1. Considering the options Ser175, Leu152, Gly233, tell which one lies farthest towards the positive end of the dipole of segment 130-273, charges being +1 on Lys and Arg and -1 on Asp and Glu at the Cβ, about the Cα centre.
2. Given bins 10 angstrom wide, list per bin the percent of all Cα-Cα distances in segment 7-89, short to long.
3. Work out from phi, with θ = phi - 60° and the Karplus expression 6.51 cos²θ - 1.76 cosθ + 1.60, the ³J(HN,Hα) of each residue of segment 31-42, listed in order in whole Hz, and give x for Gly and Pro.
4. Using a 10 Å cut-off around each Cβ, can you sort Ser229, Ser161 from fewest to most neighbouring Cβ atoms?
5. Using amide H atoms built 1.01 Å from N in the peptide plane, name the residues 5+ places from Lys73, or on other chains, whose amide H lies under 5 Å from its own.
6. Collect residues whose amide H, placed 1.01 Å from N in the peptide plane, falls under 5 Å from the amide H of Phe247; neighbours closer than 5 in sequence don't count.
7. Please list 3J(HN,Hα) in residue order for segment 187-200, calculated via the Karplus relation 6.51 cos²θ - 1.76 cosθ + 1.60 where θ = phi - 60°; whole Hz, with x for glycine and proline.
8. What percent do you get for the relative contact order of segment 115-173 when only Cα pairs under 8 Å and 6+ apart count?
Amino acid sequence: MSMAVNSPLLLLYCTILAAVLGAVFGSFINCAAWRIAHGENFLKGRSHCAECGHELKALDLIPVFSYLFLKGKCRYCGKKISPRYMITELFLAAAFVGIVLRFGISGETLRYLGLSVILLGLSLVDLDTYRIPNGFIIAGIIWWAVTIPLVLPRDGVSGLSAWISPSLGVTVQSSLLGAFVIAGAMLLLSLVFDKVTGKESLGGGDIKLLFVVGLYLGLAVGFFNLILSCITGLLMVALLKKKRIPFGPAIAAATYISIMIGSVVVNWYIGLF
Ligand SMILES: [Zn+2]
């Protein structure tokens with residue numbers, strides 16, 4: 001169910017569209033994450049400056065460009081606006097372009113664009129609060145269920161290969177297997193680890209998140225993702241020089257990489273034997 005983007009003009013058009021959409025959704029999720037982290041209702045009310053509370057007008061809300069035009073300062077109070085907002089917008093724009101280039105015009109593309117918005121949102125909240133709200137977990141599960149018909153193999157698969165395949169979780173069976181095995185194993189592992197060390201290792205939110213991404217990745221790529229998440233987490237600890245970092249952003253970043261190259265890596269690995 002995919003159409004390769006093979007005309008250069010169409011490719012250019014799709015790339016620009018993906019970048020713009022990514023920046024717009026980045027701006028939306030930035031705002032939603034800020035409100036969730038600060039205990040505000042994220043659907044109600046207008047955007048306002050985090051410093052002076054002045055309501056923002058349409059001109060102040062253009063992703064990336066408003067920040068550049070205003071030279072990173074609030075138009076009303078002149079206080080510095082964190083570059084974090086612009087960086088996130090650019091980040092999601094790049095992530096969207098990557099997905100479109102990887103999956104073309106397809107159901108997969110739609111599915112992973114939506115997932116990356118959810119992953120970015122929960123990462124931002126987790127960075128601020130060390131919590132992953134259940135709303136993101138539920139959104140991830142609903143989006144998985146809504147988009148599974150878009151990615152089911154067209155000729156159908158049956159038997160064992162419907163459960164375990166080296167590709168992403170594109171059947172209901174492989175999705176459920178990936179989610180339950182990986183989240184279950186991590187739950188068990190963290191319970192044992194906590195008992196032995198007397199410290200909390202993985203939060204409940206992290207395990208729920210591993211369940212959600214397991215749905216999208218299936219067992220084989222999900223396992224690759226687990227290893228990658230741990231490496232990413234360790235890198236974050238080293239780079240940020242903090243003792244404790246939220247694990248959600250590490251899982252989210254690893255999941256994005258797993259979606260892009262996970263099945264290639266797993267197939268290569270299987271080919272070694
Ligand atoms: Zn202000």
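Readers should treat all values here as calculations from the given coordinates under stated rules, not as data from a laboratory. Note that the coordinates shown come from a computational prediction; the quantities given were computed from them, not determined experimentally. Every residue, glycine as well, gets a Cβ built from its backbone with ideal geometry; the counts of neighbours run over all protein chains shown.
1. Result: Gly233.
2. 17, 46, 25, 9, 3
3. Karplus values, whole Hz, x for Gly and Pro: 5, 4, 5, 4, 5, 5, 5, 9, x, 9, 6, 7.
4. On the way: Ser229 26, Ser161 14.
Fewest-to-most Cβ neighbours within 10 Å comes out as Ser161, Ser229.
5. Under 5 Å from the amide H of Lys73 lie the amide H atoms of Ile81, each far enough along the sequence or on another chain.
6. none
7. Result, rounded to whole Hz: 4, 4, 4, 6, 5, 5, 4, 5, 5, 5, 8, x, 10, 7.
8. Working: 27 pairs, mean separation 15.5, N = 59.
Here the relative contact order equals 26 percent.
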